[in-house]
Amino acid sequence: MTVESTAARKPRRSAGGKAGTKRTTRNTAQDTDPELVQLLTPEGERVKNAEYERYVDGITPDELRGLYRDMVLTRRFDAEATALQRQGELGLWASLLGQEAAQIGSGRATREDDYVFPTYREHGVAWCRGVDPTNLLGMFRGVNNGGWDPNGNNFHLYTIVIGSQTLHATGYAMGVAKDGADSAVIAYFGDGASSQGDVAESFTFSAVYNAPVVFFCQNNQWAISEPTEKQTRVPLYQRARGYGFPGVRVDGNDVLACLAVTKWALERARSGEGPTLVEAYTYRMGAHTTSDDPTRYRHDDERAAWEAKDPILRLRRHLEAANHADEGFFAELEAESEALGRRVREAVRAMPDPDRFAIFENVYADGHALVDEERAQFAAYQASFADVEGV
């Protein structure tokens, strides 16, 4: 994968359009980058890596099938959630489609006593931490604020404010160090969040205080409609160098590489070597959220190029080539996937509707005349629907 300097790039012409149009065709031929850690090629072939091989060298066929199962079920849950939002059952949904390897690989690298700070897209990590997926849907339906006890799974509630969870993670990690605990902290964020001041501040504090934290950036290349090259002149992992700690770029569609590199980074943190930045180079296959239309700013050929690097397909190819899984395994997993989809649908449709007037509560500690006025206007608006139905 060749890392192309953004300083040397010229505006590209989109297919059938002029340079500078909203939709862009971008270079995705980055599989030959010598800095990219890869243990499993898109064709499913194992690649040896002297530095990280030992972290997956003893992985068993059963563990490989487990990683495959995790990715398949996570994708099915994600697809079901997207469908439920389209049916009006959820207010919004942030899909992880295409990022399963980054999340499952890194999530399975954590220990039970490690603490995880997610954004709002880490459904695969939540799966690895034992969070019931229906709790995630309750939050996006608006009937709870997360629905799980963060201390029960050492998995913090989803963070909507972009980048702020990295500061939370750094502070928590500083506390872990002061307590002398043998555990680590991992904070997830995206390429868009890497431009936030909170992330820069967390890098500074974690480096100065040698905090046991891993910053796991899922670079899916699009911060809503802004491509990564509009935000940085260097690969994101290189930013760590300026703060005094290591950065690593890993193939984010390679579950084994994500598992190995995250294990290494967490091991560094636990042994007192301080923070690490892991950039998982992956791709957002779908929309930023269900309120977004990615066809307005990127071309189908870009997505098609990344579909050939699908994280689930490449592990399946490896399992089949190594005779680690047969058709019976895949058939059983398909049945389990269908059962998960039914359970999710039934659970969401059994949830109550959110309280529409809750948005007016706790805005001000002592109330406010303007809020009261807005509440009254909203009540009248809601009542108008009842009047229409009664006609």
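Once you've got the GNM for the chain with C-alpha springs shorter than 10 Å, pick whichever of GLY152, GLY142, GLY124 has the biggest mean-square fluctuation.
Checking each option, the largest mean-square fluctuation is seen for GLY152.
Springs between alpha-carbon pairs under 10 angstrom, Gaussian network model over the chain: which of ALA380, ALA223, ALA325 fluctuates most?
Result for the chain, Cα springs under 10 Å: ALA380 fluctuates most.
Quickly work out the ARG86-to-ALA386 label distance, labels modelled 7 Å from Cα along the C-beta direction, and quote it in nm with one decimal.
Placing both labels 7 Å beyond Cα along the Cβ direction yields 3.4 nm.
What number comes out for the charge environment of LEU92, summing +1 per Lys or Arg and -1 per Asp or Glu over other residues with Cβ under 12 Å away?
Once all neighbours under 12 Å are counted, the net charge is +1.
Which three lengths, in whole Å and largest first, does the range 238-295 cover when its Cα atoms are put on their principal axes?
Its Cα atoms span 44, 27, 16 Å along the three principal axes.
At 7 Å along Cα-to-Cβ for each site, give me the label-to-label distance between ASP57 and ASP113 in nm.
For the pair ASP57/ASP113, the computed spacing is 2.6 nm.
Tell me the angle of helix 61-86 to the major Cα principal axis of the chain, expressed in degrees between 0 and 90 and rounded to the nearest ten.
The angle comes out at about 30 degrees.
What residues have an amide H closer than 5 Å to that of VAL47, excluding those fewer than 5 places away on the same chain, when H is modeled at 1.01 Å from N in the peptide plane?
For VAL47, the qualifying residues are LEU40, THR41.
Quick check for the chain: number of Lys pairs with alpha-carbon distance under 27 Å, counting only pairs 8 or more apart or on different chains?
Summing the qualifying lysine pairs gives 12.
Summarise the accessible area of the range 186-278 (1.4 Å probe, protein heavy atoms) by the percent that is carbon and sulfur.
Values: 1400 of 2950 Å².
After summing per-atom areas, the C and S share lands at 48 percent.
With +1 on the Cβ of every Lys and Arg and -1 on the Cβ of every Asp and Glu, and nothing else charged, how large is the dipole of the chain about its Cα centre, in debye rounded to the nearest 20?
For this selection, approximately 1360 debye.
Going toward the positive end of the dipole of the range 312-389, with +1 on Lys and Arg Cβ and -1 on Asp and Glu Cβ, which of LEU333, ALA369, HIS318 do you reach last?
Highest projection toward the positive end goes to HIS318.
Heavy-atom accessible area per residue, the range 292-391, 1.4 Å probe: how many Å²?
66
Suppose every Lys and Arg Cβ carries +1 and every Asp and Glu Cβ carries -1, with no other charges. What dipole size does the range 133-225 come out with about its Cα centre, to the nearest 20 debye? Each step should come with its number before you reach the end.
Working: 2 positive and 6 negative charges, 34 e Å.
For this selection, approximately 160 debye.
Between beta-carbons, use under 15 Å as the cut-off and find the net charge around ARG141, counting Lys and Arg +1, Asp and Glu -1.
With Lys, Arg at +1 and Asp, Glu at -1, the net is -2.
Along the charge dipole of the chain, pointing to its positive end and built from +1/-1 on Cβ of Lys, Arg, Asp and Glu, which listed residue (ALA102, ALA260, TRP306) has its Cα farthest out?
Positive-most Cα among the choices belongs to TRP306.
What share of the DSSP beta bridges in the chain is antiparallel, in percent to the nearest 5?
Beta bridges within the chain, antiparallel portion: roughly 10 percent.
Note down the Stokes-Einstein diffusion coefficient of the range 175-222 in µm²/s, whole number, using a Kirkwood radius over alpha carbon pairs, 4 °C, and 1.567 mPa s.
The calculation lands on 110 µm²/s.
The values are calculated or read from the model by the stated rules, or taken from the named source; none is laboratory data. Please read these numbers as outputs of a predicted model, since none were measured by experiment. FYI the Cβ positions are ideal-geometry reconstructions off the backbone, even for glycines, and counts take in every protein chain you see. Accessible surface is based on the protein model in full, side chains and every heavy atom, while ligands, DNA and RNA are left aside. Shrake-Rupley method; radii C 1.70, N 1.55, O 1.52, S 1.80 Å.
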